[in-house]
Amino acid sequence: MRLNIVKNGLKNMAAWIVSIITLAPLLLIVINSLKDKTQASSMGFDLPKQLHFENFLVVIEKGKLIRSLLNSLFYTGASTILCILLAAMAAYIYARNRSRWNRFFYYFLILGIAIPINYFTLTKMMQMTHLMNTQIGIIILYAVVQLPFSVFILYGFVGTVPKELDESGIIDGCGPLKLFFSIIFPLLMPAVVTTFILAFINSWNEFLLPLYFLNNAKQWPMTLSVYNFFGQYQMDWNLVSADIVMTCLPAVILYLLGQRYIISGMTSGSVKG
């Protein structure tokens, strides 16, 4: 009994330590985003003497964040929807028709989860397809990068959908597309929501792809705007902190709203695959 109490106490202590270490950088940024320039220069955890919410207005005006925010929403939203559609269709085919070739292509595809991006060959491909420095090019890149993990999650969930539903749909006269979008896709919604949230957050935080493949500042997403803003105002840590807070805020809100779907969806995908 006493041994269990000690074990639980150690586990709770370890959880608190990990939580504090994880939250410390975010807390540091939030606190310093509300200070004036002089107090924020030390980047400490001391509370602001006076709250300076005007830092956020200055950042929006000088950092041109409205345009970057719209760019990020466009890139992230379009790429996530494209990724979900492709991943759901691929997962459905791989899970329903487990032939030798389909299993090979499935495992080949999910290798992308572990294999790093080769930027040299990717640059050549972007140049050959004339997608370099274009918005459609960055949307395709975002979608493709998130595709392996999305297929992995959805593949396991498709296995829980009874095959009898396919046969019933075909008997009722459904074609392949109508069968998938009218019957199968709605049943995948828990895993689709999980995949959507994860793909959206990962695409929102993407930094290297727009850095390499978007040269026009008017097309930059939020992550590149923060990088550029830091270069211009690196002595104004209060403004830099406010800029980072505004960039992180949409992803944090989306994660908090959908965290229970993330846990349930990832568990289904990893266990039943």
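All of the numbers you see were taken from the coordinates with simple rules; none came from a lab. Everything numeric in this text was worked out from a predicted model, so none of it was measured. Using ideal geometry, Cβ is built from the backbone for each residue, glycine included, and neighbour counts are taken over all protein chains shown.
Within the stretch 36-137, the chymotrypsin sites (Phe, Trp or Tyr not before Pro) that combine a DSSP coil assignment with at most 13 other C-beta atoms in a 10 angstrom radius are Phe45, Phe53. When semi-axes √(5λ) of the Cα gyration tensor in Å is computed from the coordinates, the matching label among (i) 44, 22, 16; (ii) 40, 28, 16; (iii) 45, 18, 18 is (ii). Axis of helix 135-158 versus longest Cα principal axis of the chain: the two differ by about 60°, to the nearest ten degrees. Using the average count of surrounding beta-carbon atoms within 10 Å as a protection proxy, the listed peptides 200-206, 64-70 rank, highest first, as 200-206, 64-70. Placing R0 at 30 angstrom, the Cβ-Cβ distance between Ala15 and Ser42 gives a FRET efficiency of 0.50 after rounding to 0.05.
Mean residue ellipticity, 222 nm, helices only, the chain: the sum of -39500 (n - 2.57) across DSSP H runs of n ≥ 4, divided by residue count and rounded to 500, is -24500 deg cm²/dmol.
If I take all pairs of Cα atoms in the stretch 121-273, what percentage of them are more than 18 Å from each other?
Values: 7987 of 11628 pairs.
It works out to 69 percent of all Cα pairs.
Per residue, the Cα convex hull of the stretch 1-137 amounts to 263 Å³. Taking θ as phi - 60° and the Karplus parameters 6.51, -1.76 and 1.60, the scalar couplings of the stretch 168-176 work out to 5, x, 5, 4, 7, x, 6, x, x Hz in sequence order, x denoting glycine and proline. Counting Cα-Cα pairs of the stretch 176-221 in 5 Å increments starting at 0 gives whole-percent bin shares of 5, 19, 15, 14, 12, 10, 12, 11, 3.
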